[in-house]
Structures are given as structure tokens and as C-alpha cells.
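**Student:** I'd like to ask you about the structure that follows.
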Amino acid sequence: MLAYSFIPLSRQVQIACDIVNRGAARLAGTEAPQFKDNETTFEQLIERIQKTISHLNTFQPEQINGSEERTITLQMRDNTLSFQGMQFLLYFVLPNLYFHVTTAYDILRHCGVELGKRDFLGQI
């Protein structure tokens with residue numbers, strides 16, 4: 001049986017932010033911002049999310065358009081992963097983002113925060 005360590009809420013938010021920051025930067029062929037991963041309060045986590053949104057808003061469509069065929073190579077511990085841009089987005093970035101956002105949501109619910117499906121999906 002594998003032993004899993006618990007990753008706390010703060011780390012789930014940090015990972016989710018890093019996934020989208022790095023994913024967008026790799027697709028655009030730019031460098032992603034580096035954060036210290038030292039957030040300990042809700043206010044700091046909200047600020048981290050806001051910095052991530054601000055970073056994503058710096059991209060112009062022409063930076064991402066055409067990246068579907070760009071080769072993206074990632075070093076993952078003892079493994080090197082290689083994707084074409086579209087597969088990188090669909091099979092690496094988005095699943096990792098959804099996993100860590102869902103896990104953060106679940107941690108909050110487990111701790112008694114009243115959240116529902118609309119809080120996760122946003123206003124449709």
C-alpha cells in the first residue's frame with residue numbers, strides 16, 4: 001500500500017497557481033513568475049490567486065495562438081515528459097489545475113466552510 005502525505009490547503013492553492021502560470025508561459029514561450037510559496041493566511045492566498053490572474057492577463061492571444069504544435073518538455077523528478085502544445089494544455093495543465101482546485105475546495109468543505117457547486121463553477 002502506498003503512503004500519501006497530506007498536502008494542506010495553502011499548498012493546493014500554490015500548486016494550482018503555479019500550474020496555470022507555468023502552463024501559459026510555456027505555451028507562450030516566456031518565463032513564468034516565481035513565487036516563494038510562503039502564504040499562510042487566506043488573505044495571502046487570495047493575493048497569490050490575484051497575482052496569478054494578473055499574470056494571465058498579460059498574455060496576448062497571438063502569444064498563445066499557434067502553440068498547439070509547440071513541443072513542451074518538462075523535467076518531472078526522474079522523468080522527462082514531452083508534449084505537443086495542445087496535449088500539454090488538455091492532458092497536463094487542465095487536469096492538474098482541476099485536481100488541485102477541487103482538492104482545495106474539498107479541504108475547505110471538510111473544515112466546515114459552506115461551499116456549494118455554484119461556488120466551484122462560478123456564476124453561469
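The values are calculated or read from the model by the stated rules, or taken from the named source; none is laboratory data. Small disclaimer: the values here were computed from a predicted structure and weren't measured. FYI the Cβ positions are ideal-geometry reconstructions off the backbone, even for glycines, and counts take in every protein chain you see.
**Student:** Go through ASN38, ASN96, ASN21 for me and flag whichever is in contact with a Pro (Cβ under 9 Å, 6 or more places away or on another chain) and at pLDDT 95 or above.
**Tutor:** ASN21
**Student:** Considering each of ARG118, ARG70, ARG109, ARG77 in turn, give the residue that is among the basic types (Lys, Arg), in contact with a helix residue (DSSP H, G or I) (Cβ under 7 Å, 6 or more places away or on another chain) and modelled with pLDDT under 95.
**Tutor:** ARG70
**Student:** Does GLN34 meet the test of being among the polar types (S, T, N, Q), farther than 14 Å from VAL13 by Cβ and in contact with a Lys or Arg (Cβ under 8 Å, 6 or more places away or on another chain)?
**Tutor:** Here the answer is no, as GLN34 does not meet what is asked.
**Student:** All but one of (1) on the phi < 0 side of the Ramachandran plot; (2) of a type outside the set (Phe, Trp, Tyr); (3) touching a residue at least 24 places away in the same chain (Cβ under 8 Å) hold for ASP37; which doesn't?
**Tutor:** For ASP37, the exception is condition (1).
**Student:** Same structure, new question: Name every residue in segment 65-100 that is surrounded by 14 or more Cβ atoms within 10 Å (Cβ to Cβ) and closer than 25 Å to PHE120 by Cβ, in order of residue number.
**Tutor:** Residues satisfying the conditions are PHE88, LEU89, PHE92, VAL93, LEU94, ASN96, LEU97, PHE99, HIS100.
**Student:** Return yes when GLU43 is touching a Lys or Arg at 6+ places or on another chain (Cβ under 8 Å) and modelled with pLDDT of 95 or more and no when it is not.
**Tutor:** no
**Student:** Specify which of the listed residues (PHE88, PHE120, PHE92) is aromatic (Phe, Trp, Tyr) and farther than 18 Å from ALA32 by Cβ. Reasoning before the result, please.
**Tutor:** Details: PHE88 fails: farther than 18 Å from ALA32 by Cβ; PHE92 fails: farther than 18 Å from ALA32 by Cβ.
When all the criteria are applied, what remains is PHE120.
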